[in-house]
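Undergrad: Provided herewith is a single structure, encoded as structure tokens, for subsequent inquiry.
The values are calculated or read from the model by the stated rules, or taken from the named source; none is laboratory data. Please read all numbers here as calculations on a predicted model, not as lab measurements. Cβ coordinates were reconstructed from backbone atoms using ideal geometry, including for glycine residues, and neighbour counts include every protein chain displayed.
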Amino acid sequence: SGAPEASRPARRVVAVELFVDRARMASASFDATVARSLIESIVERLDRLPLAIELAAARVRLLAPEALLGRLDDQLDQLGRAPVDLPTRHATLRAAVDWSWQLLGPEERRVLASCAVFAGSFALEAAEVVVGGTDVAATLERLCDRSLVRARTVPELSSQVRFELYAAVQQFAAERLAAMPEAVLPAITFERHALWVLDEGARWVADLDGRGHARAKAHLELELDNLRQAFERQSTAGAPELAARLGRLLDACLRLRGGAAARRARCRATS
């Protein structure tokens, strides 16, 4: 029975180290030695949730640890008084994401919400086409710095960087996407996503019979979640012609994995 208590200090040390590491990435001048007790209070207030810690640590460029803790307390206390039916840890994480959202500029909010249109990961080129704007790359870089988006390379496609939203951020951003007014985020965003999926998918399907088979198959695997999401969205959005084109492409991709039956079942479910 003493094991959980014995491990609590160890978990706190790991959480503090994560905060310090991310804070130093955000600000080279960050001095952890003068704020150790405050950092411990911050990570405990965040239930030692890694994503929440990363989101908070990214703010040391703007806020001293004492001010950071005060703002977290305010945000989390307000959430605790709100009629939100969430487990404590989920509520804490949601509050941390919401707090980070409030600190974003209008263009950063628009790009982050727009990125919720993607399922799984996406390439920069995809974001530039679907999300639009003057400099999507720079905005995504800032969102990565704030730990709201992460970037990774794909082993099968080492030359390509993929972006993805953390699960909690994805859910939050999708809610903001649905709530944004037409003037800020037009419905055509969803159509652009579907058309981009069609263009990409058709290009890689055409390459399956050539020397680039392995690369084409890797691309199709990466975009399968986006293809499924676009198909389901357009099937329920009153766009039968676009949904049919997406369905045919999805069928071709699933045949590569022996999954045509799954696609037919999905068609029946959405018809």
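Undergrad: Give me the residue from segment 62-90 that is in contact with an Asp or Glu (Cβ under 9 Å, 6 or more places away or on another chain) and of a type outside the set (S, T, N, Q) and, out of that set, modelled with the lowest pLDDT.
TA: That would be Leu79.
Undergrad: Given the options Ala244, Ala239, Ala218, name the one that is among the hydrophobic types (A, V, I, L, M, F, W, C), more than 24 Å from Ala178 (Cα to Cα) and over 24 Å from the mean Cα position of the chain (by Cα).
TA: None of the others qualify; the one that does is Ala244.
Undergrad: Moving on to the next point. Being surrounded by 14 or more Cβ atoms within 10 Å (Cβ to Cβ), of a type in the set (D, E, K, R), outside any strand (DSSP E or B) and touching a residue at least 24 places away in the same chain (Cβ under 8 Å): is that true of Arg94 here?
TA: yes
Undergrad: Could you tell me which residue of segment 148-181 is surrounded by the most Cβ atoms within 10 Å (Cβ to Cβ), considering only residues that are among the small types (Gly, Ala, Ser) and not in a helix (DSSP H, G or I)?
TA: Ala151
Undergrad: Are there any pairs with C-beta distances below 9 angstrom linking a residue in segment 146-166 that is closer than 16 Å to Ala218 by Cβ to a residue that is assigned to a loop (DSSP other than H, G, I, E, B), with the two at least 6 apart or on different chains, and if so which?
TA: Arg152/Ser121; Val154/Ser121; Arg162/Gly120; Arg162/Ser121
Undergrad: Same structure again: Return yes when Arg110 is surrounded by fewer than 16 Cβ atoms within 10 Å (Cβ to Cβ) and not aliphatic (A, V, I, L, M) and no when it is not.
TA: Answer is no for this residue.
Undergrad: Report, by residue number, each residue of segment 49-65 that is among the β-branched types (Val, Ile, Thr) and part of a loop (DSSP other than H, G, I, E, B).
TA: Val60
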